[in-house]
1. Which of the residues spanning the range 1-19 are open to solvent by less than 50 Å² (accessible area, probe 1.4 Å) and assigned to a loop (DSSP other than H, G, I, E, B)?
2. Taking the options Met142, Met112, name whichever one is among the hydrophobic types (A, V, I, L, M, F, W, C), crowded, with 24+ Cβ neighbours inside 10 Å and more than 16 Å from ligand 2 (Cβ to nearest atom).
3. Of Val98, Val122, which residue is touching a His at 6+ places or on another chain (Cβ under 7 Å), surrounded by 17 or more Cβ atoms within 10 Å (Cβ to Cβ) and in contact (Cβ under 8 Å) with a residue 24 or more places away in the chain?
4. Consider Gly160 carefully, then state whether it is open to solvent by 10 Å² or more (accessible area, probe 1.4 Å), in contact with a Pro (Cβ under 6 Å, 6 or more places away or on another chain), at pLDDT 95 or above and outside any helix (DSSP H, G or I).
5. Could you please let me know if Ser169 is within 21 Å of Thr105 (Cα to Cα) and within 14 Å of ligand 1 (Cβ to nearest atom)?
6. Report those helices (runs of 4 or more DSSP H) wholly inside the range 186-302 carrying at least 3 residues which are away from ligand 2 (no atom under 14 Å from the Cβ) and under 27 Å from His4 (Cβ atoms).
7. If a residue has to be buried (at least 16 other Cβ atoms within 10 Å of the Cβ), within 16 Å of ligand 2 (Cβ to nearest atom) and not in a loop (DSSP other than H, G, I, E, B) to count, how many in the range 35-91 make the cut?
8. Considering only the range 205-227, how many residues are open to solvent by 70 Å² or more (accessible area, probe 1.4 Å) and either within 16 Å of ligand 1 (Cβ to nearest atom) or closer than 16 Å to Trp167 by Cβ (or both)?
Amino acid sequence: MVRHFLSLEDFKPEEILNLLERAENLKTMWRTQRLCPQIMRNRSIALMFEKESTRTRLSFEVAAYQLGGNALFFSPGDSQLKRGESAEDTARILSGMVDVIVTRTGSHQTVMTYAEHATVPVINGLSDAYHPCQLLADLLTMKESIGFIQGAQVAWIGDGNNMCVTWASAASLVGFDLKIATPENYRPNLAELLTQLDDSRVEFVSTANEAAKNADVVVTDTWLSMGQDDSEGNRPKAFQSFQVNDDVMERAASGAIFMHCLPAYRGKEVSASVLDGPQSVVWQEAENRLHAQKALIEKLLA
Ligand code: CP
Ligand code: NVA
């Protein structure tokens with residue numbers, strides 16, 4: 001049976017934890033010996049992206065190369081999708097020639113349509129609802145940096161976007177406590193987006209300081225995600241008290257880390273002093289996209 005990875009909920013908690021362990025091994029193997037299992041020999045990945053990307057494209061293309069395979073990248077203007085060929089037909093065509101499809105779509109419905117019509121694994125490389133590949137890298141980074149995931153205290157400060165929802169999904173599945181501080185009008189509807197939401201793990205609070213109190217991990221993301229419209233300019237005002245800065249980081253536990261999926265906007269959701277400061281693990285987090293996704297591809301092709 002073909003397995004897809006459209007959200008974290010496609011995997012059981014123990015599958016996520018095993019995948020992270022494998023990712024750690026693959027990272028060590030690559031860093032120490034420049035070795036990687038050649039499981040993609042004679043295999044290809046197609047990346048069908050409706051939105052911009054640096055890390056996701058780069059990490060999947062390099063992952064395919066290190067695994068002995070090949071990657072083909074399509075931005076919206078490169079394929080017949082631009083002229084109206086449907087996601088259904090595109091998924092069928094790709095399935096005849098490649099072994100994995102990675103999509104970056106606006107609507108999450110589109111990635112579900114790909115999965116419905118593909119006969120090879122489909123990976124969600126970000127949709128308006130979730131960014132599960134990013135969370136694999138984020139959990140790996142947590143494990144490396146603070147030594148544990150389960151039982152951790154995590155603060156999400158900023159927009160209630162696709163990353164926020166995916167952190168809530170990870171907290172529910174893997175078992176850590178997540179406090180979300182986001183302006184009231186920007187809270188995500190978690191009950192609608194997550195079928196396995198654990199209310200005992202995820203809590204909304206009103207201020208950044210409240211969320212950050214004693215946190216082991218403080219996370220944020222852009223105040224304006226791709227595809228969102230802020231032509232009226234409301235967001236900077238709504239979010240001004242939700243910036244992660246030194247004052248907020250001071251509330252966190254000693255040894256706390258700062259994470260961000262990137263790209264980051266210094267002076268908006270995070271101060272330069274925090275992003276570029278000693279608690280920030282964002283560059284390691286970005287590199288971990290590569291190793292986590294190698295483990296993901298290996299699992300889906302097994
Ligand atoms: N974090 C992330 O997905 O980055 P890109 O948008 O550059 O792929
Ligand atoms: N929330 C951001 C994440 C970018 C990686 C977006 O959707 O644009």
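1. First, pick out the residues of the range 1-19 that are open to solvent by less than 50 Å² (accessible area, probe 1.4 Å): 4-9, 11, 13, 15-16, 19.
Within the range 1-19, His4, Leu6, Ser7, Phe11 meet the criteria.
2. Values: Met112 fails: crowded, with 24+ Cβ neighbours inside 10 Å.
Exactly one of Met142, Met112 is among the hydrophobic types (A, V, I, L, M, F, W, C), crowded, with 24+ Cβ neighbours inside 10 Å and more than 16 Å from ligand 2 (Cβ to nearest atom), namely Met142.
3. Working: Val98 fails: touching a His at 6+ places or on another chain (Cβ under 7 Å).
Within the list Val98, Val122, the selection yields Val122.
4. On the way: open to solvent by 10 Å² or more (accessible area, probe 1.4 Å): yes; in contact with a Pro (Cβ under 6 Å, 6 or more places away or on another chain): yes; at pLDDT 95 or above: yes; outside any helix (DSSP H, G or I): yes.
For Gly160, the condition - open to solvent by 10 Å² or more (accessible area, probe 1.4 Å), in contact with a Pro (Cβ under 6 Å, 6 or more places away or on another chain), at pLDDT 95 or above and outside any helix (DSSP H, G or I) - is met.
5. Details: within 21 Å of Thr105 (Cα to Cα): yes; within 14 Å of ligand 1 (Cβ to nearest atom): no.
Criteria not met by Ser169.
6. Working: elements: 190-193, 208-212, 235-239, 246-251, 272-275, 282-301.
Ranges flagged: 190-193, 282-301.
7. Final tally of qualifying residues: 7.
8. Our first condition is that a residue be open to solvent by 70 Å² or more (accessible area, probe 1.4 Å); within the range 205-227, this holds for 206, 210, 213-214, 224, 226-227.
Filter once more, so that each one left must be either within 16 Å of ligand 1 (Cβ to nearest atom) or closer than 16 Å to Trp167 by Cβ (or both): 224, 226-227.
Count: 3.
The values are calculated or read from the model by the stated rules, or taken from the named source; none is laboratory data. Every value quoted in this text rests on a predicted model; they were computed, and no experiment measured them. Cβ sites come from the backbone with ideal geometry, for glycine too, and all protein chains shown count toward neighbours. Areas reflect the complete protein model, heavy atoms only, side chains present, ligands, DNA and RNA absent. Shrake-Rupley method; radii C 1.70, N 1.55, O 1.52, S 1.80 Å.
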